[in-house]
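Shown next, in structure tokens, is the structure this report addresses.
The values are calculated or read from the model by the stated rules, or taken from the named source; none is laboratory data. This one's a predicted model, so the numbers in the text were calculated from it and none came from an experiment. Every residue, glycine among them, receives a Cβ derived from its backbone with ideal geometry; neighbour counts consider all protein chains shown. Ligands, DNA and RNA are stripped out before the accessible areas are found, and what is left, the full protein with its side chains, is counted by its heavy atoms. Shrake-Rupley method; radii C 1.70, N 1.55, O 1.52, S 1.80 Å.
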Amino acid sequence: MLTVAKKLSSIYMRLVLPTPSSSTFLSFGSSVSVFSPPRGTQFLRLNFRFRTMASHVVGYPRMGPKRELKFALESFWDGKSNSEDLEKVAADLRLSIWKQMADAGIKYIPSNTFSYYDQVLDTTAMLGAVPPRYGWNGGEIGFDVYFPMARGNASVPAMEMTKWFDTNYHYIVPELGPDVKFSYASHKAVSEYKEAKSLGIDTVPVLVGPVSFLLLSKAAKGVEKSFPLLSLIEKILPVYKEVIAELKAAGASWIQFDEPTLVKDLDSHQLQAFSHAYSELESPLSGLNVLIETYFADVPAEAFKTVTSLKCVTALGFDLVRGSKNLDLIKSGFPSEKYLFAGVVDGRNIWANDLAASLSTLQALENVAPFVCILDTIGHLFSSDKLVVSTSCSLLHTAVDLVNETKLDEEIKSWLAFAAQKLVEVNALAKALAGQKDEAFFSANAAARTSRKSSPRVTNGAVQKAAAALKGSDHRRATTVSARLEAQQKKLSLPSLPTTTIGSFPQTLELRKVRREYKANKISEEDYVKYITEEISKVVKLQEDLDIDVLVHGEPERNDMVEYFGEQLSGFAFTANGWVQSYGSRCVKPPIIYGDVSRPKPMTVFWSSRAQSMSKRPMKGMLTGPVTILNWSFVRDDQPRFETCYQIALAIKDEVEDLEKAGINVIQIDEAALREGLPLRKSEEAFYLNWAVHSFRITNCGVQDTTQIHTHMCYSNFNDIIHSIIDMDADVITIENSRSDEKLLSVFREGVKYGAGIGPGVYDIHSQRIPSTEEIADRISKMLAVLDTNILWVNPDCGLKTRKYTEVKPALSNMVAAAKLLRNQLASTK
């Protein structure tokens with residue numbers, strides 16, 4: 001009998017020597033084994049090496065630390081540069097990202113996570129699933145087809161865009177049906193793998209998994225909405241097989257399939273699709289290590305059982321930040337033969353990781369995914385790391401690099417970690433788990449967390465008391481919406497089918513320059529106020545010339561609909577370069593909510609009052625709602641989100657009441673992100689909707705009946721929460737409709753009664769295409785088929801900030817003309 005009880009890097013090992021014909025394995029766990037070697041066993045002198053752990057990143061931001069890709073894209077779209085210029089910027093960014101990960105010690109570096117617009121659109125291109133209206137006739141899909149699919153052009157509309165799960169990122173929704181002819185039409189995944197390899201970097205190619213791709217798609221126009229999208233699995237798998245074969249031929253040893261839909265409530269048929277798809281791919285994937293990544297929430301028990309049973313899958317990745325129940329599932333039944341990619345570093349927020357807590361979590365998983373080594377015939381030890389430290393999801397959803405924040409408060413800065421810093425955190429945790437803990441790094445992390453917890457700037461007793469006092473009331477307005485609408489009509493005297501816009505007007509380069517110069521103290525406050533006043537005057541005059549009924553001031557003083565308010569609220573911090581991609585080239589710079597929130601003074605009253613003085617028509621006061629400010633910020637993680645939301649709601653309530661006192665009779669409180677925050681699991685939706693809707697009602701519960709409260713929502717599927725939208729008790733809601741093929745209208749066709757004012761968008765502002773009067777009139781007619789004339793408003797899908805005046809003027813002119821055309825038709829009918 002031979003007992004081996006060696007201790008290596010503080011971890012006991014179990015040595016099992018098989019027959020001489022097979023490999024020899026060392027498995028390091030918490031136990032010690034006793035064994036009898038078979039006769040004829042050859043004992044080897046073992047050259048032990050220190051244990052190393054592996055690290056992985058699900059994905060990385062694409063835009064670049066200074067938004068290099070954004071500017072390259074917009075230059076190309078404007079015809080100021082060519083495709084070679086754009087591709088050069090993209091190649092430089094990819095190289096920089098891969099090298100940064102390699103330098104940070106990341107072992108499993110992803111490729112094909114870079115995109116010129118969106119990763120789901122890239123997959124649509126890979127599969128050749130191009131809608132016929134784009135005139136693609138086969139061959140490799142280029143920019144001439146790819147960008148019109150994303151953005152539309154003068155002759156064809158863009159594909160639908162919607163939120164990526166519960167994030168502020170948007171993806172382009174594939175349009176599928178039984179007649180789609182799939183073919184391998186974009187070799188991007190293979191090209192990028194080869195590109196990285198030629199630079200000396202071996203990567204893990206990433207593909208959107210086949211089942212998630214279909215579940216994230218929609219039935220194309222003209223196809224029955226009930227068409228079973230999963231029935232197309234047999235048609236798309238041959239393309240996936242071609243891609244896999246090319247990646248194997250190029251030398252790939254790993255491949256990552258992102259299957260985030262596994263965190264949703266899937267039925268048995270949908271789960272069976274995963275089993276079937278990966279069974280079909282088993283032979284092509286032979287010889288490859290296969291990682292399936294999940295993120296954003298817990299994987300339900302049945303889905304966990306399904307995915308852990310997939311034979312061809314070598315490794316599974318789980319979100320251990322937002323997926324609080326994943327840890328118990330893993331401990332209770334994770335297959336010992338598979339790799340576990342443990343997502344302990346948050347890819348959705350910018351707070352420094354609690355390294356001590358994450359290390360404790362990882363140590364608890366060591367027995368689940370033991371460290372396995374292979375010995376060669378001369379006794380050298382080769383590691384095969386079954387437990388891999390990873391991010392909870394792609395770092396696409398966080399800012400790029402804290403190094404670029406030279407003006408950020410040093411104390412607050414010490415509490416943060418952007419994407420570049422998260423790479424360091426991932427590697428530090430991997431090294432610590434292997435017994436190579438950087439004590440200085442961990443100590444600095446602990447000190448920063450202590451500083452944040454004890455800082456007086458985080459806590460405001462008066463705010464907490466006011467928020468606590470909200471309990472016990474639902475904060476509804478005293479009268480019904482029908483009674484309020486009647487009182488408002490007497491005061492506003494609006495025509496039927498009143499026209500309005502959503503808020504912002506185009507922001508020219510000159511306007512942006514003036515704001516920058518004012519912020520940098522290069523121009524006086526007097527000159528700044530004069531310029532902004534003139535800009536507002538132009539917007540007001542344009543709307544009056546177009547004969548729009550309810551006006552907006554155009555928001556020339558605002559950089560962003562959330563940042564503008566956060567800059568004037570306590571408890572917020574701001575970055576100079578903390579940009580995050582929202583869609584395409586559009587980036588946002590989320591504020592950081594680090595402490596209790598309050599409003600020191602009025603934020604919008606000055607400009608709204610000045611704008612109202614320029615016209616006798618109603619001027620909307622424009623505010624961003626508490627739920628949207630919350631969901632579009634990096635939110636403190638030391639208290640429940642709803643508590644922070646209630647604090648913001650109280651601040652907005654003060655602003656609403658000050659606007660009313662200043663004579664603003666129409667006040668819009670945008671809740672564009674209400675649907676975005678909806679949990680991914682049905683069981684958690686009611687709690688979220690209750691406090692989110694309550695937060696909105698808090699903002700306007702104290703105004704008079706004659707003050708008309710609007711809200712706006714965009715680019716999400718609202719049909720499943722329509723009753724919560726009604727429960728918001730707004731007087732008028734304007735909501736995106738046109739880009740999603742008027743999906744919203746179906747809920748009213750199905751019998752939902754809506755008594756408040758409603759303005760489903762009549763044209764898509766994210767496309768440069770200008771709709772005709774007839775097209776808009778046709779949309780309004782469809783709305784009138786399911787909505788009463790006296791509640792219908794006419795407006796664009798969203799704000800006009802990203803468009804040019806050469807596009808805005810004719811589009812709005814056609815919109816007003818269409819409304820007048822329908823008014824005349826309705827009058828003659830009566």
> From the list F318, F304, which residue is more than 20 Å from V243 (Cα to Cα) and surrounded by fewer than 23 Cβ atoms within 10 Å (Cβ to Cβ)?
Replying inline: F304
>> I want to confirm something. Restricting to the range 409-436 and keeping residues that are touching a residue at least 40 places away in the same chain (Cβ under 8 Å) and among the charged types (D, E, K, R), which single residue is most open to solvent (accessible area, probe 1.4 Å)?
In response: K431
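Yes/no per residue for (1) open to solvent by less than 20 Å² (accessible area, probe 1.4 Å); (2) closer than 21 Å to Y295 by Cβ; (3) not polar (S, T, N, Q):
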position	(1), (2), (3)
A673	yes, yes, yes
E685	no, yes, yes
A692	yes, no, yes
F696	yes, no, yes
T699	yes, no, no
Q704	no, no, no
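Return a yes/no flag: does the range 675-684 have any residue that is assigned to a loop (DSSP other than H, G, I, E, B) and either assigned by the TED database to the domain that holds A297 or under 14 Å from T628 (Cα atoms) (or both).
Filtering the range 675-684 for residues assigned to a loop (DSSP other than H, G, I, E, B) gives 678-681.
Adding the requirement that they be either assigned by the TED database to the domain that holds A297 or under 14 Å from T628 (Cα atoms) (or both) leaves 678.
Scanning the range 675-684 turns up at least one residue that is assigned to a loop (DSSP other than H, G, I, E, B) and either assigned by the TED database to the domain that holds A297 or under 14 Å from T628 (Cα atoms) (or both).
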> Can you tell me which residues in the range 767-788 are within 25 Å of A672 (Cα to Cα) and of a type in the set (V, I, T)?
Replying inline: I770, I776, I780, V786
> Within the range 486-509, is even one residue touching a Gly at 6+ places or on another chain (Cβ under 7 Å) and more than 30 Å from E535 (Cα to Cα)?
Replying inline: no
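Condition check ((1) of a type in the set (V, I, T); (2) assigned to a loop (DSSP other than H, G, I, E, B)) across all residues:
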position: E224; (1), (2): no, yes
position: S231; (1), (2): no, no
position: K241; (1), (2): no, no
position: A252; (1), (2): no, yes
position: I255; (1), (2): yes, no
position: T261; (1), (2): yes, no
> Which residues, taken from the range 656-671, are among the charged types (D, E, K, R), buried (at least 24 other Cβ atoms within 10 Å of the Cβ) and free of Cβ contacts under 8 Å to residues at least 60 places away in the same chain?
Replying inline: E671
> Within the range 447-472, restricting attention to residues that are of a type in the set (A, V, I, L, M, F, W, C) and surrounded by 14 or more Cβ atoms within 10 Å (Cβ to Cβ), which residue is nearest to I733 (Cα to Cα)?
Replying inline: L470
>> For the range 595-646, give me each residue that is over 24 Å from the mean Cα position of the chain (by Cα), assigned to a helix (DSSP H, G or I) and not aromatic (F, W, Y).
In response: V605, S608, S609, R610, A611, Q612
> If you check N353, N289, N326, which single one turns out to be of a type outside the set (F, W, Y), in the same structural domain as D166 (by the TED database) and open to solvent by 20 Å² or more (accessible area, probe 1.4 Å)?
Replying inline: N289
>> If I ask for residues that are open to solvent by 70 Å² or more (accessible area, probe 1.4 Å), more than 18 Å from Q708 (Cβ to Cβ) and not assigned by the TED database to the domain that holds A692, which ones from the range 473-529 would you list?
In response: D474
> Which numbered condition trips up Y171, out of (1) in a loop (DSSP other than H, G, I, E, B); (2) under 19 Å from T123 (Cα atoms); (3) touching a residue at least 40 places away in the same chain (Cβ under 8 Å); (4) within 24 Å of the chain's Cα centre (by Cα)?
Replying inline: (1)
> Any idea how many residues of the range 743-792 are part of a loop (DSSP other than H, G, I, E, B), open to solvent by 40 Å² or more (accessible area, probe 1.4 Å) and among the charged types (D, E, K, R)?
Replying inline: 5
